[in-house]
Amino acid sequence: MTVSLFQADQYHLNVKADFPPHIKHAQLKVHFFLPPQLAENSDIINPASFYQNLLQKQLLKSTTTPSITSLQQELLVLKQTAYAQAANKISLYRKALSHFVTDTRIIVVQADRGTLFLVDECIETFCTIHDNESKLTESRLYRLALHQIIYYFYQSLLQLARSLQPKADTNIDRLIEKIKHFAEINNLKLHDVTEEGRERLLNKLHIARKVINSPYKVKRKKLKNGELAEQFIFGLAAAFAMAFATGVAFATQRAFGNFSTPFFFSLVLSYIFKDRIKELGRNYLMEKFSSRYFQHQSRFYQGNSLLEIAHTKETFYRQKRSQLPKKIQSILKRLSPQDSTDSQVHWVYQRSYNFSDYKQQNDSEKFIDELTINLSKTLRSLPKILSNHCYHSEQKIRVTTVHKVHTIQLFVSITTDGITDYSQYRIVSSRKGIHGVYNININNVDK
């Protein structure tokens with residue numbers, strides 16, 4: 001399996017984990033080392049805020065690499081199931097159609113001239129299989145798929161023709177005209193003269209893609225176990241605080257009487273400290289619970305069915321430096337002074353996976369978990385510190401402003417079958433956003 005971390009955009013980090021079919025248990029950990037300036041202004045250093053800034057996306061994906069051969073294999077399945085009435089055949093047809101559309105889109109993105117002509121042959125075969133549209137079991141789904149295929153194939157042809165300019169390729173031009181004519185007689189829209197029309201077209205294609213890929217859609221159901229545990233801990237902290245206030249009130253009442261001045265002041269002070277004790281107790285107990293157990297649980301199901309794919313538990317907590325894995329401790333000792341984490345604050349996001357027997361038996365699909373972390377508010381809250389930088393260019397002295405940057409150290413670990421793999425990333429950021437994400441080679445560090 002593979003885990004990667006990359007920059008999604010100016011203020012978002014993306015952690016992507018691919019789980020092959022055979023895996024039963026796995027655990028993902030992301031260790032955050034924030035510099036003091038970021039930690040003081042960060043809105044992700046407590047669990048509630050962190051989960052508000054965490055976006056999740058799960059999907060199933062074929063383990064087969066897209067190729068012309070895979071398209072031909074999918075066409076064979078489509079030929080056998082396009083007009084079938086049995087429920088299992090219809091399910092096979094939907095999956096094969098989803099594969100065919102997805103693989104075609106992937107192949108044509110970077111396809112050369114020869115590959116595009118091979119794809120054209122596959123599209124012709126695809127249309128021949130569905131030539132009797134009135135008798136198709138899934139005629140509406142076929143129309144959505146056909147629009148997807150023709151549109152993205154047409155886009156790739158135009159991009160290739162543009163790259164060949166000013167030279168012209170007669171065969172490519174003929175193929176473009178052929179696709180335009182086919183789209184016109186089949187009422188498939190490829191372009192709109194207005195910006196609003198183009199937006200509607202792309203939005204329609206996006207929605208259609210979601211419908212076509214519904215056999216591989218993953219539905220998430222969030223369980224309430226974590227919320228119940230949280231409320232129990234809050235109640236326990238409140239009980240301790242109330243016991244303290246009541247104990248002080250009873251002791252003072254016995255010593256000085258009901259309506260004495262000391263009894264009055266003891267009531268006021270005990271209730272003031274009661275609120276503080278409740279807050280401190282709540283934070284302390286939640287931190288201990290989070291580091292040992294979980295805050296949220298979720299179950300994932302395939303498509304609209306009740307077939308469970310995975311069960312996950314997740315938690316976010318602060319961890320002491322002494323409790324870090326030995327491998328990470330050895331890496332931290334070798335950091336350069338500019339990357340040192342001695343003064344940095346450390347949090348851990350932990351996510352455990354348990355995959356169902358159904359998921360393991362289906363060896364043609366892998367589970368992909370994408371987690372997007374929003375750092376927008378954290379980085380925007382940094383003070384604006386600029387420095388003037390002078391340089392000589394084109395026989396002139398120029399001045400530019402440079403933002404003060406901060407370094408975030410991230411360690412990502414994934415554990416499967418008792419084996420843990422580590423990755424280290426250095427995130428350079430400022431008030432402007434994320435400047436770069438750098439993967440640091442740690443293969444030469446002893447475990």
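No lab work stands behind these numbers, since they all come straight from the coordinates. Small disclaimer: the values here were computed from a predicted structure and weren't measured. Glycine also receives a Cβ, built like all others from the backbone with ideal geometry; neighbour counts cover every protein chain displayed.
Only the Cβ atoms of Lys and Arg (+1) and of Asp and Glu (-1) were treated as charged; on that basis the dipole of the chain about its Cα centre amounts to roughly 1280 debye.
Between Gln148, Tyr83, Gln253, whose Cα lies farthest towards the positive end of the dipole of the chain when Lys and Arg beta carbons carry +1 and Asp and Glu beta carbons carry -1, centred on the Cα centre? So the residue we want is Gln253.
Each helix, a run of at least 4 DSSP H residues, gives -39500 (n - 2.57); summed and divided by the residues of the chain, these come to -15500 deg cm²/dmol at 222 nm. Backbone phi angles across segment 421-432, fed through the Karplus curve with coefficients 6.51, -1.76 and 1.60 (θ = phi - 60°), yield HN-Hα couplings of 10, 10, 9, 10, 10, 10, 9, 9, 9, 8, 4, 6 Hz in residue order; Gly and Pro are listed as x.
A crude spin-label estimate for the pair Ser387 and Glu124, with each label 7 Å from Cα along the Cβ direction, gives 6.5 nm.
You can think of it this way: the chain between Leu158 and Lys57 has 33.2 nm of extra reach, that is 0.36 nm per residue less the Cα-Cα gap. Report note on the peptides 46-59, 147-160: ranked by the mean count of other C-beta atoms within 10 Å, highest first, their order is 147-160, 46-59.
When each of the peptides 379-385, 294-300, 394-400 is scored by the mean number of other C-beta atoms lying within 10 Å of its residues, the order from highest to lowest reads 294-300, 379-385, 394-400.
Compared with the direct C-alpha span, the chain from Leu190 to Arg426 gains 80.7 nm at full extension, assuming 0.36 nm per residue. Share of pairwise Cα-Cα distances greater than 27 Å in the chain is 68 percent (whole percent).
Measuring r between the beta carbons of Ala255 and Val405 and using R0 = 60 Å, the FRET efficiency lands at 0.50. Modelled this way, with points 7 Å down the Cα-to-C-beta line, the labels at Asn362 and Lys178 are 3.6 nm from one another. Taking a ≥ b ≥ c as the square roots of the eigenvalues of the Cα gyration tensor, segment 44-138 is oblate, since a/c reaches 1.5 or more and a/b is not larger than b/c. Each residue of segment 86-101 is assigned a 3J(HN,Hα), and the resulting list reads 5, 4, 5, 5, 5, 4, 5, 4, 4, 5, 5, 5, 4, 4, 5, 5 Hz, derived from the Karplus form 6.51 cos²θ - 1.76 cosθ + 1.60 (θ = phi - 60°), x at Gly and Pro. In the chain, a dipole from Cβ-located charges (positive for Lys and Arg, negative for Asp and Glu) runs towards its positive end, and of Leu306, Thr420, Ser322 it is Ser322 whose Cα lies farthest in that direction. Each residue of segment 372-387 was assigned a 3J(HN,Hα) from its phi angle through the Karplus expression (A = 6.51, B = -1.76, C = 1.60, θ = phi - 60°), giving 10, 9, 8, 9, 4, 5, 4, 6, 5, 7, 5, x, 7, 10, 10, 10 Hz with x at Gly and Pro. Restriction of the trypsin sites (Lys or Arg not before Pro) in segment 1-36 to DSSP coil positions whose beta-carbon has at most 16 other beta-carbons within 10 angstrom yields Lys24. No solvent, one uniform scatterer per C-alpha: report log10 I(q)/I(0) for segment 68-217 via the Debye equation at q = 0.16 1/Å, two decimals. Log10 I(q)/I(0), no solvent term: -0.90.
Can you find, among Val193, Val402, Tyr349, the residue sitting farthest towards the positive end of the charge dipole of the chain, where Lys and Arg contribute +1 and Asp and Glu -1 at Cβ? Of the candidates, Tyr349 comes out farthest on the positive side. The modelled label-to-label distance between Leu335 and Gln10, using points 7 Å beyond Cα along the C-beta direction, is 2.7 nm.
What you get for segment 68-217, charging only the Cβ of Lys and Arg (+1) and of Asp and Glu (-1), is a dipole of about 500 debye around the Cα centre. Peptides 258-266, 421-429 ordered by packing proxy, namely the average of other Cβ atoms within 10 Å per residue, highest first: 421-429, 258-266. Relative to the longest principal axis of the Cα atoms of the chain, the long axis of helix 195-212 lies at roughly 80 degrees. What is the distance in Å between the Cα centroid of segment 1-65 and that of segment 69-90? Answer, in whole Å: 37. With the cut-off at under 14 Å, measuring from each backbone N in segment 140-175 to a point 7 Å along the Cα-to-Cβ line of His206 picks out no residue.
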